[in-house]
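Notes follow the structure.
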Amino acid sequence: MKVALLTGGGDCPGLNAVIRGVVKVIDNAGGECVGLLEGWRGAMEGNHIPLTPAVTDPIIDKGGTILGSSRTNPFKNEADADQVVETFKKLGLDALVAIGGDDTLGVASRLYHEKGLATVGCPKTIDNDLSATDQTFGFDTCINIVMEATDRLRTTAESHRRILVIEVMGRHAGWIACYSAIASGADYFMVPEREVNLDEMLRVLQKRRDGGKKYGLVIVSEGAKLNSDGGYVTKDQEVDDFGHVKLGGIGDHVAKIIESRMGVETRSVTLGHLQRGGTPSAFDRVLGTRLGVHAGHLVLKKEFGKMVALRGTKIVAVELKDAVDKMRELDNSFFEEAAEFLK
Ligand code: F6P
């Protein structure tokens, strides 16, 4: 059995653990693995490398993905999707494990349903916003990075009696902002799921100051919306292959509003891709490994068109189609718990 793996979309810590898991299971069963390079681009062009346990055993602690990634969409032009089918034939592949977010998994689902390719999915995103899985690997490492950064920003904010606005990732969902706000004791946080009330934020920040706390920390999701028209606050309007606009800029915007309306010196920091880089946490290594092992088993059982997912503490298989149909927003109960500290 010959199995290809690819990683698509934004990278995140833990991808290499998944790759290592799949390769080990397939190798244990006497099969062979190859890695398609740079996401669906590699699948279209047939660009690949051999993957053996000797290659993948030492990568458990490495961030990013040894296969490279891209946001290439083979369904942007139908001919490109047919190129993937060609690669399958040319390389003599029996199956493909696609590790990625909703865009990558959406392509894997379409290749299975529309082109008959034997695909299995494995969910990843630091945003933690994929439905059908309780948590995605990469998220734990990410919130620890944000927490550490915010702890550092607290000391300088306190020294200068400033307010610091920290912009974090989270295009559609506020999991990163909410968890980081709880973990770092922020004074306010904003998420894409809830209408932002700037007057309320200013009231809370002023209350803290009046109460003797001479600095403030505000965490804002890149995808939070401040305008009544519901549009993103961004620096540019560039879009990727899947039509997503490049986000970034809301933190700066919020800092300017705070400074002008409160008269308090305010700075903003965009954590950006720092949140996706570096060594995965133990949690993400374990989750990634478990998902990889189960994805390998799905391939061996020929259960295609499916995705591995975390449900409670167990890894289960769900239909790829159902998994990518809908996004997992920040659970209201998490927001309400965190909101106790926004008063
Ligand atoms: O992978 C998800 C994500 O990290 C989003 O939170 C963010 O908006 C986006 O990727 C950034 O993508 P890129 O790496 O292409 O700038």
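The values are calculated or read from the model by the stated rules, or taken from the named source; none is laboratory data. The structure presented is a predicted model; accordingly, all values stated were derived computationally and were not measured. We place every Cβ from the backbone using ideal geometry, glycine too, and count neighbours over all the protein chains shown. Accessible surface is based on the protein model in full, side chains and every heavy atom, while ligands, DNA and RNA are left aside. Shrake-Rupley method; radii C 1.70, N 1.55, O 1.52, S 1.80 Å.
Which of the chymotrypsin sites (Phe, Trp or Tyr not before Pro) found in the range 22-131 are loop residues per DSSP with 12 or fewer other Cβ atoms within 10 Å of their Cβ?
Passing both the DSSP loop test and the Cβ count: no residue.
How large is the accessible surface per residue of the chain, computed with a 1.4 Å probe and reported in Å² as a whole number?
So the chain comes to 42 Å² accessible per residue, rounded to a whole number.
Sequence gap at least 6, Cα distance under 8 Å: using those rules, report the relative contact order of the chain to the nearest whole percent.
23
Which sequence of Asp210, Asp199, Asp284 reflects their accessible areas, 1.4 Å probe, from the largest down?
Descending accessible area places them as Asp210, Asp199, Asp284.
For a quick check of your reading of the filter: which GluC sites (Glu not before Pro) in the range 180-282 sit in a DSSP loop and have no more than 15 other Cβ atoms within 10 Å?
Those satisfying the criteria are Glu195, Glu238, Glu265.
Mind listing the long-range amide H neighbours of Phe189? Cut-off is under 5 Å, sequence gap 5 or more, other chains count too, H placed in the peptide plane at 1.01 Å from N.
Ile219
Using 0.36 nm per residue of separation minus the Cα-Cα distance, give me the extension gain between Ala339 and Leu91 in nm, one decimal.
84.0 nm
Along the range 78-91, what does the Karplus equation 6.51 cos²θ - 1.76 cosθ + 1.60 (θ = phi - 60°) give for ³J(HN,Hα), rounded to whole Hz, x for Gly and Pro?
3, 4, 5, 5, 5, 4, 5, 4, 4, 4, 3, 5, 4, 8
Under the rule of at least 5 residues apart or a separate chain, name every residue whose amide H is placed under 5 Å from the amide H of Lys124.
Residues meeting the amide H criterion: Gly100, Gly101.
Please list, in order along the range 314-323, the HN-Hα scalar couplings obtained from phi with the Karplus expression 6.51 cos²θ - 1.76 cosθ + 1.60 (θ = phi - 60°), rounded to whole Hz, x for Gly and Pro.
3J(HN,Hα) across the range 314-323, in whole Hz: 9, 9, 10, 10, 10, 5, 4, 4, 5, 5.
Can you give me the % of accessible surface on the range 139-277 that is carbon or sulfur? Probe 1.4 Å, all protein chains present, nothing else counted.
Carbon plus sulfur share of accessible area: 47 percent.
Between rounded, prolate and oblate, where does the range 1-110 land on the alpha carbon gyration tensor, with a ≥ b ≥ c its root eigenvalues, rounded for a/c under 1.5, else prolate if a/b exceeds b/c?
Since a/c reaches 1.5 but b/c is at least a/b, the shape of the range 1-110 is classed as oblate.
Just to confirm the number: angle between the C-alpha axis of helix 15-28 and the first principal axis of the chain, 0 to 90 degrees, nearest 10?
Approximately 20 degrees, to the nearest 10.
May I ask what percent, to the nearest 5, of DSSP beta bridges between residues of the chain are antiparallel?
Taking every DSSP beta bridge within the chain, about 25 percent pair in antiparallel fashion.
What residues of the range 149-173 lie in the reach of a label at Glu200, counting those whose backbone N is under 15 Å from a point 7 Å from the Cα along Cα→Cβ?
none
Heads up, I need the accessible area for Ile258: 1.4 angstrom probe, whole protein in place, Å², nearest 10.
Spelled out: Ile258, probe radius 1.4 Å, area about 0 Å².
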